[in-house]
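Bear in mind that the values in this text are calculations on the coordinates, not laboratory data. On a predicted model such as this, the values are computed, not experimentally measured, just so you know. Neighbour counts run over all protein chains shown; Cβ positions are idealised from the backbone, glycine included.
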Amino acid sequence: MKVCEAAEIPVQQPLVASCLGAAYASVGRLDEALQLLESAVKDTASMRRMAGQAMRVAWLSGAYMLADRMDEAETLARRGLDLAAESKDQGSRAWLLGILGDLKARRSPLEAAEAHYKQALNLAQEFRMGPLQAHCCLGLGRVYARLNDVEKAHSELLKAAELYSTMSMPFWLSKAKAALGALS
């Protein structure tokens, strides 16, 4: 960010700001994350350089969800799906569907969460997006556990744990193992 600002490279600022904002969101620095992500989405739109905008919107939607701003997160995720469709950005579409799964998993009916996770998982498998595949399996496992379908929950959580283990993602592996332990 400092290099972009010092060198006056405005066209790169939204890219850098959105990546930094997504990183901040993942470690709980939500105020800083939201400021950077909102700015990146706005600046990109004002420059009319929409490449990558669907992913920036996905990161902002995810940050809103982490900040417990669920309605804004869902509205933005749906807007992101439109952007992804316009730009034929299937990777961002997959992430946005996963975010909608996460959002719907916090509300009823849970079947909507299941549908979004399955759509995201299909795209993630098609495009070999390992982390998203694992996240979708974890989400599905949690949904099935809440629906008292222990067999499906166990199967999805095992898949998530295997994927996280294979990709050396210990933080998320611990989440999958905890969910598996809660089934017992």
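Between Leu147, Leu15, Leu81, where does the largest GNM mean-square fluctuation fall for the chain, given springs only between Cα atoms within less than 10 Å?
Comparing Leu147, Leu15, Leu81 in the GNM, the peak value goes to Leu147.
So, in Å, what gap is there between the alpha-carbon centers of the range 43-60 and the range 116-176?
Going from one Cα centre to the other spans 28 Å.
What is the chain's relative contact order, in percent, from Cα pairs under 8 angstrom and six or more apart in sequence?
Relative contact order of the chain: 11 percent.
If a/c stays under 1.5 just call it rounded; otherwise compare a/b with b/c (prolate if a/b is bigger, oblate if not). Do that for the range 89-184, with a ≥ b ≥ c from the square roots of the Cα gyration tensor eigenvalues.
Oblate shape, in that a/c is at least 1.5 and b/c is the bigger or equal ratio.
Of the peptides 3-12, 155-164, how do they stack up when ordered by the mean number of other Cβ atoms within 10 Å, highest first?
Output ranking for 3-12, 155-164: 155-164, 3-12.
Return the label of the correct value of volume of the Cα convex hull per residue in Å³, as calculated from the structure shown, out of (1) 106; (2) 127; (3) 116.
(3)
How large is the charge dipole for the range 1-87, taken about the Cα centre, if only the Cβ atoms of Lys, Arg (+1) and Asp, Glu (-1) carry charge, to the nearest 20 debye?
Magnitude of the dipole: close to 220 debye.
Which lysines, on any chain, are close to Lys159 with Cα under 25 Å apart, when same-chain ones fewer than 8 places away are left out?
Lys104, Lys118, Lys175, Lys177
How about Lys2: which lysines have a C-alpha closer than 22 Å to its C-alpha, ignoring those fewer than 8 places off in the same chain?
The qualifying lysines are Lys42.
For Cys4 and Met167 in the same chain, what is the full-extension length gain: residue separation times 0.36 nm, less their Cα-Cα distance, in nm?
Full-extension gain reported as 55.5 nm.
Could you list the residues of the range 1-19 with an amide nitrogen less than 15 Å from a label point located 7 Å from the Cα of Arg29 in the Cα-to-C-beta direction?
Only 1-3, 16-19 fall inside the zone, counting backbone N under 15 Å.
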